C-alpha cells in the first residue's frame with residue numbers, strides 16, 4: 001500500500017478543543033480566515049477566526065503559555081488545526097493558479113512554483129493532523145509582537161529559524177519562543193520560525209476535514 005493510501009481522512013472532531021477555552025490569555029489572528037495571506041482570499045474550511053487543536057496539543061501549549069506568561073509574554077496564534085480541504089486549495093493554487101497578487105508581501109524573491117521544493121507548501125500538512133501550530137510572542141508591556149526578523153508566512157530564507165543575517169535581538173526572540181516550545185514537547189521545522197508540531201501527536205496517521213468552527217465542535 002502506498003504511504004498516502006495508509007492515511008485516514010475523517011470529519012470527527014471529538015478529540016479537539018477550542019484553544020481559547022484552554023488558554024484564555026492567547027491572542028488570535030487567524031490569517032487564513034482573512035484575506036491577508038499568501039493567496040489573498042479566505043481559505044476553504046475556515047468558517048470562524050478561531051484556533052482549534054487536539055486536546056493533547058492544547059495541554060502542551062498551555063504549559064508553554066504558562067512558562068512564557070511569567071516572563072511577560074503572551075502567545076499569538078496565526079494558525080492551528082487546518083482542514084485538509086484548505087491544504088488542497090494551497091496545492092491547486094500553487095500548481096494551477098496564475099494569481100500572484102500577494103507575491104510582494106509573502107514570497108517576493110521566489111516563483112510560486114518553487115514554494116513546494118523549498119518546503120513552504122506541502123501536499124499534506126501536519127496542521128491537518130490537529131497538533132501543529134503557527135505562533136509568535138506578544139510583549140505584555142508594549143502590547144506588540146516581538147520582532148522575529150521576518151513576518152509570519154514570509155516564504156524566504158530570512159524566515160529560517162537559524163538564519164543569522166537578522167539582528168541578535170531578533171534571533172534571541174526566536175530562541176525564546178523555540179526553546180519554550182521544545183521544552184514542552186513540540187518540534188520545529190527548518191524553514192519557518194513560527195511553526196511547531198507536537199512530538200507525541202495523538203493522530204499521526206489521520207488527516208481531518210471538518211471546518212474551523214467552534215460551533216462544529218459543539219454539535
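List the number of the failed condition for residue 166; all other conditions in (1) within 20 Å of residue 83 (Cβ to Cβ); (2) out of contact with any strand residue (DSSP E or B) (no Cβ under 8 Å at 6 or more places or on another chain) hold.
Among (1) within 20 Å of residue 83 (Cβ to Cβ); (2) out of contact with any strand residue (DSSP E or B) (no Cβ under 8 Å at 6 or more places or on another chain), the lone unmet condition for residue 166 is (1).
I'd like the full set of residues that are at pLDDT 95 or above and either touching a strand residue (DSSP E or B) at 6+ places or on another chain (Cβ under 9 Å) or surrounded by 12 or more Cβ atoms within 10 Å (Cβ to Cβ) (or both), limited to segment 13-27.
Selection gives 13, 15, 16, 17, 18, 19, 20, 22, 23, 26, 27.
Would you be able to say whether some residue in segment 40-48 is in contact (Cβ under 8 Å) with a residue 24 or more places away in the chain, touching a helix residue (DSSP H, G or I) at 6+ places or on another chain (Cβ under 8 Å), on the phi > 0 side of the Ramachandran plot and surrounded by 15 or more Cβ atoms within 10 Å (Cβ to Cβ)?
Yes, the conditions are met somewhere in segment 40-48.
Could you tell me which residue of segment 160-183 is nearest to residue 59 (Cα to Cα), considering only residues that are surrounded by fewer than 20 Cβ atoms within 10 Å (Cβ to Cβ) and touching a helix residue (DSSP H, G or I) at 6+ places or on another chain (Cβ under 9 Å)?
Checked segment 160-183; the qualifying residue nearest to residue 59 (Cα to Cα) is 183.
Take segment 199-212 and flag every residue that is outside any loop (DSSP other than H, G, I, E, B) and under 17 Å from the mean Cα position of the chain (by Cα).
Once the filter is applied, which keeps residues that are outside any loop (DSSP other than H, G, I, E, B) and under 17 Å from the mean Cα position of the chain (by Cα), segment 199-212 yields 207, 208, 212.
Among 155, 196, which is assigned to a strand (DSSP E or B), closer than 26 Å to residue 38 by Cα and within 18 Å of the chain's Cα centre (by Cα)?
196
Looking only at segment 63-79, which residues are surrounded by fewer than 18 Cβ atoms within 10 Å (Cβ to Cβ) and closer than 18 Å to residue 130 by Cα?
63
I'd like the residue in segment 122-146 that is in contact with a helix residue (DSSP H, G or I) (Cβ under 6 Å, 6 or more places away or on another chain) and crowded, with 16+ Cβ neighbours inside 10 Å and, out of all such residues, is farthest from residue 91 (Cα to Cα).
Within segment 122-146, the match that is farthest from residue 91 (Cα to Cα) is 146.
Restricting to segment 175-193, name every residue that is touching a residue at least 12 places away in the same chain (Cβ under 8 Å) and over 15 Å from the mean Cα position of the chain (by Cα).
176, 180, 183, 184, 185
Pairs please, first residue from segment 89-100 and under 15 Å from residue 44 (Cβ atoms), second anywhere and surrounded by fewer than 13 Cβ atoms within 10 Å (Cβ to Cβ) and at pLDDT 90 or above, Cβ atoms under 8 Å, 6+ apart in sequence or on different chains.
Pairs that qualify, where the first residue is under 15 Å from residue 44 (Cβ atoms) and the partner is surrounded by fewer than 13 Cβ atoms within 10 Å (Cβ to Cβ) and at pLDDT 90 or above, are 93/99.
What helices (runs of 4 or more DSSP H) completely inside segment 28-128 contain at least 1 residues that are over 19 Å from the mean Cα position of the chain (by Cα) and modelled with pLDDT of 95 or more?
Fully inside segment 28-128 and qualifying: 55-69, 103-106.
The values are calculated or read from the model by the stated rules, or taken from the named source; none is laboratory data. Here the structure is a predicted model, which means the values were calculated and not measured. Here Cβ is always computed from backbone atoms with ideal geometry, including for glycine, and neighbour counts include all displayed protein chains.
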